[in-house]
Amino acid sequence: MQWIQLKIDDKKIRVPEKTTILEACRMNNILIPTLCHDPELTNWGACRLCVVEVEGMRNLVTSCTMEVQQGMVVRTSTPDIREARKTILELIVANHDIDCLTCEKMGECELSKYAYEYGVKKDVFQGAKREYELDDSNPFIIRDLNKCILCGKCVRACAEIQVNHVLDYSKRGFETQVGPAFHLPYGESDCVFCGSCLAVCPVGALTEKQMAGKGRPWEVKKIQTTCPFCGTGCNFDLNVRDNKVVGVTSNPGSPVNGRALCVKGRFGVEYIHSPNRLITPMIRKNGELVEAEWYEALELIAERFKTIKEQYGSDSLAALSSARCTNEENYLMQKFMRAVIGTNNVDHCART
Amino acid sequence: MCQSCGKGHKDLHVDLKQIKLKEKIDAYRGEAGSLIPVLQEAQDIYGYLPEETMKMVAKEMKIPVAEVFGVATFYSQFRFTPTGRNVIRVCMGTACHVRGGLKVLKALERELDIKAGETTGDGKFTLETVACIGACGLAPVISINNKVFGNLTSEMVPGILEKFE
Amino acid sequence: MQTLAYPCCEKCNHTASTPCRDYIKCRVEGPLCHDDPDCKQKRQDFLAKMYDPEGLTKQILICTGTGCVSSGSQRLIELVREELVKRNLDETVRVRSTGCHGFCEQGPIVIIEPDKTFYTKVKPSDITEIIETDIVGGNKVDRLLYRDPVSGESAVTYETVNFYAKQNRIILNNCGQINPERISQYMAKKGYQALEKVLQTMKPEEVIEEVKKAGLRGRGGAGFPTWLKWNLCRKAQGDKKYVICNADEGDPGAFMDRSVLEGDPHAVIEGMLIGAYAIGADEGYVYCRAEYPLAIERLKIAISQAEKNGLLGKNILNSGFNFHLKIKAGAGAFVCGEETALIASIEGKRGMPKVRPPYPAEKGLWGKPTNINNVETWANVPHILRNGADWYCQFGTPKSKGTKIFALTGKVNNTGLVEVPMGISLREIIFDIGGGIKGNHTFKAVQIGGPSGGCIPEELLDLPVDFDSLSEVGAMIGSGGLVILDDTTCMVDIARFFLTFTQKESCGKCTPCREGTKRMLEILTRITKGEGKPEDLENLETLAGVIKKTSLCGLGQTSPNPVLATLRYFREEYEIHIREKRCPAHACTALLQYHIDNEKCKRCGVCAKNCPVGCIFGDKNNPYEIDSQNCIQCHTCIDKCKFKAITVS
């Protein structure tokens, strides 16, 4: 690997070749605003917010796409650059529904973060604004195109993370919009509701329906956990407020899945506080299920296993384990069947 | 006899246009980057791009339907509603602009009682604007069904429209 | 032997599958593989018949370019043929349909060779007279000759027409002279000789060197050195390379590429062949906009003829060089003239530009090194290689060599295509070739370079037209559209016109272009409606600056140019719109008020009868008045009033 020497804001920096200017800056704690960039997605270079000055180049360049070169001289925060970024933000804000008071994204909104940083007011450029109906057609995602800034991250997430390609740009110019074919609502499209789009949206255009009104980002505690739905071992953050799980958000640091999740993992949290949920073992007594203690239930199982084995032989028992179990649990299950029960009758729901 | 399945029943149960389009798609199979030509063929056959057709193109070409829709809506050549029997395109190029192209457009809109982008109620004319026909020497120009009419004034409009059925 | 492309006798066995090295020479000079004076004579007779300098046979050339076709030239060809048959002249007088002469406004154009007689605006009813008086009688039909708008004198030959006399037609030379649907006629005009020379005697590096010596720069816009582009692509790593001809001439007001494709398609093919050989590409595309159906048709014919004659395909002229050429029709998107968007479009995607680097020369079509030049650039290549760089360098200036084709349109007497050496002044183009301003109006500005270009005022008219001088004054050659504006053109309206265009054609990918051009357009629209605010000009300038500096592609970056240029030279006009709420050129209709002068009005009622919205009221007893609320400023009443009683303020 070759190392590249360059100067960013008069600071000498050494980074590996093929690093982009943006990556080099972030490695060195130099802040660059971005809206359409995402380290997990292809570079798009569309929002133009990350522009920097490179000596010898005629125009400002997007740091997210430009790779470093030997001896490059980069400046990231000249008055020229700040003016350009401010104007770009003003342009985005001029065509964005400023509904921050009740916007679910408030507190985590990238646009408002940068607007604050660059002192952007909402009424610099006034004129036509996009006006679309709210897409509230499904139980999981609320889509508000009036807040969309056309960064295209959802399009790339759908195509590159989920590889479903339900979303794309349509029309062009000022009328460009993002969404499923024929402008169908999510609910009527081929969307599988993995929520990857939700995880990457920098503004309030895509928000989670179940979490609406359940708490501001700073009011919820994020607790990293492993998804209980299957054995893949996806990690995510449970969003907890007042000791209640209000929802799930992706945790980019998850070693197995990154930010990708499936519909169950991301949206299947309802059961946690469901009144119908089983919280103790149940034993059928006189034809009716009644709550029991764990020791009582385990004893009953052990006793019945023994009886069956004695009466009908080991092979009269079989065990089927679940993809929701971990490898270790599955291992223990087959070990138990072979060593304790004495049968090879083991199977798994994901065998085929 | 049904032309699609060869059976003896009376009514056609498959759209002949669809069969024709399928043949065109087959001709492009294996050729990279043929979505746009296929959509052009589809529009030639149907006169516009119905939703079902875009879905079929997506399925046949194994391209996500969102992408097909995205491509179709990007290019101004593609239409999503049926056109009239005659398509009038008014050139909006620079030369036409400075020589009164807008007046010709206004005259057409008045004469046909529709706005640019619309079709007359009797289905006779569709009125469109285009960036430039490239016949700047004859500005202002319009084209009707690809035939170019040049050096126009608003007074000439009714006479030209009369020639079309 | 029907045409030059055919074999002379059975001994000739050149086909696409059994190619010969000297095919072109053989076709023009006579057989090289066998010695037969008869065969040689056949070819010479053929050439003599086609281009007969002594004038033994008369030829009637009728233009079939888009312009003349729309003026009815196809019908003329039929009528001329019928008339000649009727008079038994069809054996001795040839009728040829040709490509565009560039003087579309005077169309349909009919030329009689070898006399070079130039008939303009020929109607079907004129045909009998032309045949009788000219072809049979040997006299000119005076009323059909071109009359100079300034001197009023009629020009007998096209050489004396000012429009042509001051031009230097190299690229356009074949247009209007040969039938573009016949490869043999291109060959007779030394066509494909450059290719033969290159394949037989030159290494790819030598070809690039020659183009470098010639100083050829891209004719599509920015004037990037062609050799450098070729060299980058040649040196790029890759087993597969492409060359592309950009025929997506979307600039509203330019049509030279259309004319070249319609009038001389083989020149473009030959240029691409040479470029592909130099770069090491074996496949090419012509990306042509769908709005040019005739150009696509002529290209298709030309490609199939070149394939049949072994000039496209495998082992071209037995040199081992392969090249396949395909046409891709655009689907209506101006942005596809941008290289990376064009590539995306060929790949079947939305035509959205990509960030560079990587440049197409490294990673282009399907990720392979790709070289793109526009039609006019490719058409220059055969001339350079055939005649040599030294010959080419005699035209133009030290830094901008050769000629450039301009589309001269707008408020000028002679509109059409003009090819002039680089460095000529705008004044010469507009006043000498263009014959000055139409009607009793005065010159105000010339818009050059389309939506990416700027406006040049009277005081800069002596500026030499080349790549560098123009960019110094805030304009660019661009594709070469020259739209002449007179005192009735409002500069704010022109800026608004171009912004409307770029805004409509913005691909929508990057923020500054998508959102910024919209806001600029809104401000300009406000100004033209008399609703401008004092801070508007400053806002326009700020926006323009940011869009220029931060847009993703060249089209976005240059989209503010028409506004910046008009602000630079005509700021006063903007200020009058804002401050006094009036349009000095009387062009911004929203600011116009129509009045009827009671003293001049004879109460004839013609204005009211013709008003399309019925907003003029009055009768014999009551004076006519215009209801300004409903008036659509269509100007019809003024045109109709015989007593000049209606005025605009």
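The values are calculated or read from the model by the stated rules, or taken from the named source; none is laboratory data. Keep in mind that what you see is a predicted model, and the values were worked out from it rather than measured. Using ideal geometry, Cβ is built from the backbone for each residue, glycine included, and neighbour counts are taken over all protein chains shown. What goes into the accessible areas is simple: the full protein's heavy atoms, side chains included, and nothing from ligands, DNA or RNA. Shrake-Rupley method; radii C 1.70, N 1.55, O 1.52, S 1.80 Å.
Candidates C:Tyr146, C:Tyr186, C:Tyr192, C:Tyr158: the one that is in contact (Cβ under 8 Å) with a residue 12 or more places away in the chain, in contact with a Ser or Thr (Cβ under 6 Å, 6 or more places away or on another chain) and either over 17 Å from C:Gly271 (Cβ atoms) or buried (at least 18 other Cβ atoms within 10 Å of the Cβ) (or both) is C:Tyr146. A single member of A:Thr76, A:Thr62, A:Thr87 is among the hydroxyl-bearing types (Ser, Thr, Tyr), in contact (Cβ under 8 Å) with a residue 60 or more places away in the chain and open to solvent by less than 60 Å² (accessible area, probe 1.4 Å), and it is A:Thr76.
The listed residues are C:Val355, C:Val375, and the only one of them that is within 17 Å of the chain's Cα centre (by Cα) and either more than 30 Å from C:Ile327 (Cα to Cα) or of a type outside the set (Phe, Trp, Tyr) (or both) turns out to be C:Val375. When A:Cys154 is tested against the conditions (1) in a loop (DSSP other than H, G, I, E, B); (2) surrounded by 14 or more Cβ atoms within 10 Å (Cβ to Cβ); (3) touching a strand residue (DSSP E or B) at 6+ places or on another chain (Cβ under 9 Å), the lone failure is (1).
Taken together, the residues in the range B:57-76 that are open to solvent by 10 Å² or more (accessible area, probe 1.4 Å), under 27 Å from B:Gly123 (Cβ atoms) and more than 9 Å from chain C (Cβ to nearest Cβ) amount to 1. Scanning the range C:506-533 for residues that are out of contact with any Asp or Glu (no Cβ under 9 Å at 6 or more places or on another chain), open to solvent by 10 Å² or more (accessible area, probe 1.4 Å) and part of a helix (DSSP H, G or I) turns up C:Cys513, C:Lys518, C:Leu521, C:Glu522. Screening B:Cys91 with (1) hydrophobic (A, V, I, L, M, F, W, C); (2) open to solvent by 40 Å² or more (accessible area, probe 1.4 Å); (3) assigned by TED's automatic domain parsing to the domain that holds B:Phe149 gives one miss only, at (2). State whether one or more residues within the range B:129-139 are under 22 Å from B:Tyr48 (Cβ atoms), touching a residue at least 24 places away in the same chain (Cβ under 8 Å), over 14 Å from the mean Cα position of the chain (by Cα) and more than 12 Å from chain C (Cβ to nearest Cβ). Among the residues of the range B:129-139, not one is under 22 Å from B:Tyr48 (Cβ atoms), touching a residue at least 24 places away in the same chain (Cβ under 8 Å), over 14 Å from the mean Cα position of the chain (by Cα) and more than 12 Å from chain C (Cβ to nearest Cβ), which makes the answer no. Within the range C:280-294, being closer than 25 Å to C:Thr66 by Cβ and either modelled with pLDDT of 95 or more or part of a helix (DSSP H, G or I) (or both) holds for C:Gly284, C:Tyr285, C:Val286, C:Tyr287, C:Cys288, C:Pro293, C:Leu294.
Of the residues A:Ile88, A:Ile4, A:Ile98, only one is among the β-branched types (Val, Ile, Thr) and more than 31 Å from the chain's Cα centre (by Cα); which? Step through it out loud before you land on a result.
Working: A:Ile88 fails: more than 31 Å from the chain's Cα centre (by Cα); A:Ile98 fails: more than 31 Å from the chain's Cα centre (by Cα).
From the options A:Ile88, A:Ile4, A:Ile98, the qualifying one is A:Ile4.
Scanning the range C:71-98 for residues that are of a type outside the set (D, E, K, R), under 15 Å from C:Lys123 (Cα atoms) and touching a Ser or Thr at 6+ places or on another chain (Cβ under 8 Å) yields C:Ser73, C:Gln74, C:Ile77. Within the range C:295-319, being open to solvent by 30 Å² or more (accessible area, probe 1.4 Å), in a loop (DSSP other than H, G, I, E, B) and at positive phi holds for one residue alone: C:Asn318. Identify all residues within the range C:552-603 that are over 30 Å from A:Asn43 (Cα atoms), free of Cβ contacts under 8 Å to residues at least 60 places away in the same chain, open to solvent by 30 Å² or more (accessible area, probe 1.4 Å) and part of a helix (DSSP H, G or I); write none if there are none. Across the range C:552-603, the qualifying residues are C:Arg571, C:Glu572, C:Glu575, C:Arg579, C:Thr589. Under the condition of being open to solvent by 20 Å² or more (accessible area, probe 1.4 Å), part of a loop (DSSP other than H, G, I, E, B) and within 28 Å of A:Ala128 (Cα to Cα), the residues counted in the range A:157-181 number 2.
Condition (residue is touching a Cys at 6+ places or on another chain (Cβ under 7 Å), modelled with pLDDT under 85 and either outside the structural domain of C:Gly107 (by TED's automatic domain parsing) or at negative phi (or both)) applied to the range C:66-78: is it met by at least one residue? Yes, there is a match, as at least one residue in the range C:66-78 is touching a Cys at 6+ places or on another chain (Cβ under 7 Å), modelled with pLDDT under 85 and either outside the structural domain of C:Gly107 (by TED's automatic domain parsing) or at negative phi (or both). Answer yes or no as to whether C:Val613 is out of contact with any helix residue (DSSP H, G or I) (no Cβ under 7 Å at 6 or more places or on another chain) and open to solvent by less than 90 Å² (accessible area, probe 1.4 Å). So C:Val613 passes the test.
Sort through C:Lys58, C:Lys49, C:Lys40 and tell me the only one that's at pLDDT 85 or above and open to solvent by 10 Å² or more (accessible area, probe 1.4 Å). Can you show your working first?
Numbers: C:Lys58 fails: at pLDDT 85 or above; C:Lys49 fails: at pLDDT 85 or above.
Matching residue, one of C:Lys58, C:Lys49, C:Lys40: C:Lys40.
Among the residues of the range C:534-551, the ones that are away from chain A (no Cβ under 11 Å) and either touching a Gly at 6+ places or on another chain (Cβ under 7 Å) or open to solvent by 40 Å² or more (accessible area, probe 1.4 Å) (or both) come to 3 in all. Looking across the range C:485-501, the residues that are open to solvent by 10 Å² or more (accessible area, probe 1.4 Å), in contact with a Ser or Thr (Cβ under 9 Å, 6 or more places away or on another chain) and more than 7 Å from every other protein chain (Cβ to nearest Cβ) come down to C:Asp487, C:Asp493, C:Arg496, C:Thr500.
Would you confirm whether or not the range B:77-92 contains a residue that is within 8 Å of chain C (Cβ to nearest Cβ) and closer than 30 Å to A:His165 by Cα? Within the range B:77-92, one or more residues are within 8 Å of chain C (Cβ to nearest Cβ) and closer than 30 Å to A:His165 by Cα. Looking across the range C:206-264 at every residue that is touching a residue at least 40 places away in the same chain (Cβ under 8 Å) and polar (S, T, N, Q), the one that is nearest to the other protein chains (Cβ to nearest Cβ) is identified as C:Ser259. For the range A:24-40, enumerate the residues that are of a type outside the set (A, V, I, L, M), surrounded by 18 or more Cβ atoms within 10 Å (Cβ to Cβ) and in a helix (DSSP H, G or I). Result: A:Cys25, single match.
The residue that is most open to solvent (accessible area, probe 1.4 Å), among those in the range B:20-40 that are in a helix (DSSP H, G or I) and within 11 Å of another protein chain (Cβ to nearest Cβ), is B:Tyr28. Here are some residues: C:Gly396, C:Gly410, C:Gly423, C:Gly416. Which one is touching a residue at least 60 places away in the same chain (Cβ under 8 Å) and either open to solvent by 10 Å² or more (accessible area, probe 1.4 Å) or of a type in the set (D, E, K, R) (or both)? On inspection, the qualifying residue turns out to be C:Gly396. Taking into account only those residues within the range C:403-422 that are more than 8 Å from chain B (Cβ to nearest Cβ) and of a type in the set (D, E, K, R), which is nearest to C:Ile448 (Cα to Cα)? Taking the candidates together, the pick is C:Lys404.
Considering each residue of the range C:32-51 in turn, none proves to be closer than 19 Å to B:Ala135 by Cα, touching a residue at least 12 places away in the same chain (Cβ under 8 Å) and in contact with a helix residue (DSSP H, G or I) (Cβ under 6 Å, 6 or more places away or on another chain).
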